[in-house]
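Here, each number is a calculation from the coordinates, and none is a lab measurement. For clarity, every value in this text was computed on a predicted model and none was experimentally measured. Note that each Cβ is placed from the backbone with ideal geometry, even for glycine, and that neighbours are counted across all protein chains shown.
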Amino acid sequence: MDKPSLGSTFKNPKGDFAARLISEAGLKGRKIGGAQIAEKHPNFVLNLGEASFQDILDILNLVKTTVKEAFGVQLEEEIIIIR
């Protein structure tokens, strides 16, 4: 990836892959402010250069909410968020 990222963002739920769920939920490439869900590996959140902390929190919440609604799976962050 050519942009800074959070790395692997969500833990894989038992028996599945976070990237597959995010992709199947239609979130690949989705942007909020300067944060984007990676097209190549949707379990990575990219900083397009101007992402704020709030952009990151908002996109993480979008992913968790959308995946929960679509598949009934609650994704858990692999990253540690320090406020």
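Other residues within the sphere of radius under 15 Å centred on the Cβ of Pro42, judged by their own Cβ, net out at +3 (K and R +1, D and E -1). Any chance you could give the angle, 0 to 90 degrees and rounded to 10, that helix 53-71 forms with the longest Cα principal axis of the chain? In the chain, helix 53-71 runs at an angle near 20 degrees to the longest axis. Taking a ≥ b ≥ c as the square roots of the eigenvalues of the Cα gyration tensor, the range 5-71 is prolate, since a/c reaches 1.5 or more and a/b is larger than b/c.
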